[in-house]
1. Name every residue in region 345-363 that is closer than 23 Å to D65 by Cβ and in contact with an Asp or Glu (Cβ under 6 Å, 6 or more places away or on another chain), in order of residue number.
2. Testing D339 on (1) within 27 Å of T271 (Cα to Cα); (2) without any contact (Cβ under 8 Å) to a residue 40 or more places away in the chain, one condition comes back false. Which one is that?
3. Just to verify a result, which residue in region 300-310, among those that are more than 14 Å from K36 (Cβ to Cβ) and surrounded by fewer than 24 Cβ atoms within 10 Å (Cβ to Cβ), is farthest from the chain's Cα centre (by Cα)?
4. May I ask you to verify whether R281 is in a helix (DSSP H, G or I) and touching a residue at least 12 places away in the same chain (Cβ under 8 Å)?
5. What number of residues within region 227-240 are surrounded by fewer than 19 Cβ atoms within 10 Å (Cβ to Cβ) and over 14 Å from the mean Cα position of the chain (by Cα)?
6. Report, by residue number, each residue of region 21-38 that is surrounded by 14 or more Cβ atoms within 10 Å (Cβ to Cβ) and of a type outside the set (A, V, I, L, M, F, W, C).
7. So T5 fits all but one of (1) in contact with a Leu (Cβ under 7 Å, 6 or more places away or on another chain); (2) in a loop (DSSP other than H, G, I, E, B); what number is the exception?
8. Looking at (1) in contact (Cβ under 8 Å) with a residue 40 or more places away in the chain; (2) surrounded by fewer than 16 Cβ atoms within 10 Å (Cβ to Cβ), which is the one condition that is false for P178?
Amino acid sequence: MLFPTPSLSSADERVLADVERMREELRHQVRATPAKWTEGLRKFLTADAVAASNSIEGFRVATADVEDLMEGERDVEVSDENREETLAYQHMMTYLQTLHDAEDFAYSKGLLNALHWMLQGHRHAPRKPAGQWRRSPVYVTDSRDPSIAAYTAPDARQVPALMAELVDWLNADDDVHPLIRAAMAHLHLVSIHPWMDGNGRMSRSLQTLMIAREGTLAPEFSSIEAWLGRPGNTWEYYRELARRGAEYLPDQDVSGWVRLNLTAYHQQTQTVRNRLERSGRVLEILSAFATAEGMDERVVSALHDVAMTGRVRRLRYEHAEGLSLQQAQRDLRDLVASDVLSSVGRTRARYYTAGSRFPERALEVARTPMTLITPYPARAAR
């Protein structure tokens, strides 16, 4: 048995309508922005989702470092374990992104287990098999006392039947809004906990895939994993899961879970839209600066990375502009010589930050924090 999908309250319906409107507006914004510049945002959002979802499980790598690892940088100061977890998750997410418009697509136990192998194959062991349903009990322990089981997943003997039911549900047609179905799929999978490890990330990834296949936005713009990974939101996420009880009890009202996800959809869409708008303003400032300084327009992408993420590496700039190693090195060397950039570190570990002549206005726009709207005012609480 799976959790029944709850009916939406009038407040939920209002928030869902707001989310739909904002996502449609964001879709038009993305289409109106040159692909060269949205590509950088896509990479950032993917890296941010990977960094956030991994951080929930205790693997903490900064978004900028995830971006560097995704570009193929080898000299990134992270532990071997964090490197492995980051790259495994990024590879799985990259595959998920290709499935958003795949024709003749269907969910299956084989697909889910294959995705799990991509995520956990590097940790495969007889007692913790990757890509296979678990054969033994699994517990989510209390963060303050690991001797206490905060949640005990269903008996391993129930897993094949529960997953078969979930796959049937995933492939069924109903009149539930795709965003609500995606939220429910997350809850179903994380509650069944069908694998020995990686259940949280698999559940969040399944939600991302379902949102992307809804079709409004590309996968990179669809994930709420970055929202869930913010410390305060992670706490709310765990608290809402804890409200489901210490055992698998699907015959209950999960309206609170739906409300948490609607809040996540709403605020993550606000965040992405704001970043896209700030990125555009920063580009205008940097393009005008490059023109006034007689610089080649291509250096704007390097300056833009510095403004938006705090740094740029040679390999990232080289890939973004399709340059040779020598061209990229020469451009960055010239920017350092003119004090627009400052070089940090040596040889392969070198990266570049804002120098004394970097346009201050671009940094101000990039660093100005936004205020998130809370979609559920206190008076709208149930």
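1. The answer is R348, A349, G355.
2. The one condition D339 does not meet is (1).
3. G310
4. Numbers: in a helix (DSSP H, G or I): yes; touching a residue at least 12 places away in the same chain (Cβ under 8 Å): yes.
Yes.
5. Here is the first cut: in region 227-240, the residues surrounded by fewer than 19 Cβ atoms within 10 Å (Cβ to Cβ) are 230-232, 234-236, 238-240.
Okay, now just the ones that are also over 14 Å from the mean Cα position of the chain (by Cα), so 231-232, 235-236, 238-240.
Here the count works out to 7.
6. Step one: list which residues in region 21-38 are surrounded by 14 or more Cβ atoms within 10 Å (Cβ to Cβ), which gives 22-23, 26-27, 29-30, 33, 37-38.
Within region 21-38, R23, R27, Q29, T33, T38 qualify.
7. (1)
8. (1)
The values are calculated or read from the model by the stated rules, or taken from the named source; none is laboratory data. Not measured: the values here are computed from a predicted model. Please note: Cβ atoms are built from the backbone with ideal geometry, for glycine as well, and neighbour counts cover all protein chains shown.
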